[in-house]
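As structure tokens, the structure follows; a few thoughts come after it.
Read-outs throughout are calculated quantities, based only on the coordinates presented, and are distinct from any laboratory measurement. As the structure is a computational prediction, the values presented were derived from the model and not from experiment. Heads up, the Cβs are rebuilt from the backbone with ideal geometry, glycines too, and the neighbour counts pull from every protein chain shown.
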Amino acid sequence: MPLDGVAEMVKPTEQQRDALEQIRSAALNESESLAAACPKNVSGSVHERLDTLSHTLGALAASLAALYTRLSPRFTISSTTSKRRAL
């Protein structure tokens, strides 16, 4: 997972490692939600396919909003050393 590379490069504090784990968990939950909400096979009329696309885009928007709401305030790089390593 890309977050493993981030953790190796930044050398996060324990609090930041916990935040990364929360990000992993939230991303996994949302990916599972998307997999359940999005159909695997789409057939039918153009109207039916557009309805399916609309549903899929709604599910994607909901997942992104959930991730943003849950994670945006949680992960910050607070130490100067971590900031330098991140650059």
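Residue check: is residue 12 touching a residue at least 24 places away in the same chain (Cβ under 8 Å), out of contact with any Pro (no Cβ under 6 Å at 6 or more places or on another chain) and part of a loop (DSSP other than H, G, I, E, B)?
yes
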Out of all the residues in the stretch 1-48, which are among the polar types (S, T, N, Q) and either within 24 Å of residue 60 (Cα to Cα) or touching a strand residue (DSSP E or B) at 6+ places or on another chain (Cβ under 8 Å) (or both)? 22, 25, 29, 31, 33, 41, 43, 45
Here are the criteria: (1) under 22 Å from residue 2 (Cβ atoms); (2) assigned to a helix (DSSP H, G or I). Tell me which single one residue 62 does not satisfy. (1)
